[in-house]
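S.K.: Pasting in a structure now, in structure tokens, and then I'll have a few things to ask.
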Amino acid sequence: MEQLVLGIGTRLQHTQFGPGVIVGLRYATYLISFIHHGIKEIDKTDDHLEEIIPENVSEEIETHSEIEKSLLKILRLWNGVSEVVPLGDRWKNGTMILQPGDTSLKAKEVPIEVFFHKIVMLRDRLRVMEQQINAHKVLTDEEKINLQQYVTRIYGSLTTFNVLFRNKEDWFIGDKSSD
């Protein structure tokens, strides 16, 4: 499929995930918020992706800057809300035990669900930060790419936690060229 070049706020239809809106841009992928599946990273060349062009809408009615303002307002309102991401079944009701090297100190026990929730919130906040970088009006494209490379490296540092996720599509993915 020919690569779609679309912007934040563009409405899309995906054959597997249904309707969604682009909330972030990366070099080769879109971050799309799907109504029933949360935020997913989708390749720009995905054959299952189609732009939804609303009928009876012209540039005079709604400009891209108004769309961006509306989307940014929605993102700020929902900033503290994360998508529901399932924990791997083998970790349910589990406990993470942090044992200090000094045996005179007490171990710390943390329910895995609590730790997992913090990891998911971290991932969601990284995505919001990436969206803010992409939508920034003062940064040049070069500056945006440089900042996005740091975000990608952060994702790479977090790949250790992928073992906690039930679904592979929820995993952290870093820079594949450095494997």
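Every read-out reported here was derived from the displayed coordinates using simple, explicitly stated rules and does not represent laboratory data. Remember, predicted model here, so these are calculated numbers, not experimental data. No Cβ is skipped: glycine too gets one built from the backbone with ideal geometry, and neighbour counts run over all protein chains shown.
S.K.: Working out 0.36 nm times the residue gap between residue 141 and residue 110, then minus their Cα-Cα distance, what length gain in nm do you get to one decimal?
M.R.: So the extension gain works out to 7.0 nm.
S.K.: Express in nm, to one decimal, how much length is gained between residue 90 and residue 41 on full extension, taking 0.36 nm for each residue of separation and deducting their alpha carbon distance.
M.R.: Between residue 90 and residue 41, full extension yields an extra 15.1 nm.
S.K.: Where a ≥ b ≥ c are the square roots of the eigenvalues of the C-alpha gyration tensor, would you call region 83-179 rounded, which needs a/c under 1.5, or, failing that, prolate if a/b is larger than b/c, or oblate?
M.R.: Since a/c reaches 1.5 and a/b is larger than b/c, the shape of region 83-179 is classed as prolate.
S.K.: Another question about this same structure. Which entries of 144/168; 40/106; 106/168 have Cα-Cα distances beyond 32 Å here?
M.R.: The pairs that break the limit, which is 32 Å between Cα atoms, are 40/106; 106/168.
S.K.: Between residue 117 and residue 151, what is the spin-label point distance in nm, taking each point 7 Å from the Cα along the Cα→C-beta axis?
M.R.: About 2.6 nm, to one decimal.
S.K.: A follow-up question, please. At residue 160 and residue 27, where each label point lies 7 Å from the Cα along Cα→Cβ, what is the point-to-point distance in nanometres?
M.R.: Distance between label points: 2.6 nm.
S.K.: Work out from phi, with θ = phi - 60° and the Karplus expression 6.51 cos²θ - 1.76 cosθ + 1.60, the ³J(HN,Hα) of each residue of region 144-149, listed in order in whole Hz, and give x for Gly and Pro.
M.R.: 4, 5, 4, 5, 5, 5
S.K.: Something else now. List the residues whose amide H sits under 5 Å from the amide H of residue 10, counting only those 5 or more places along or on another chain, with H placed 1.01 Å from N in the peptide plane.
M.R.: Correct list: 22.
S.K.: What FRET efficiency would be calculated for the residue pair residue 129, residue 103, taking the C-beta separation as r and a Förster radius of 30 Å, to the nearest 0.05?
M.R.: 0.15
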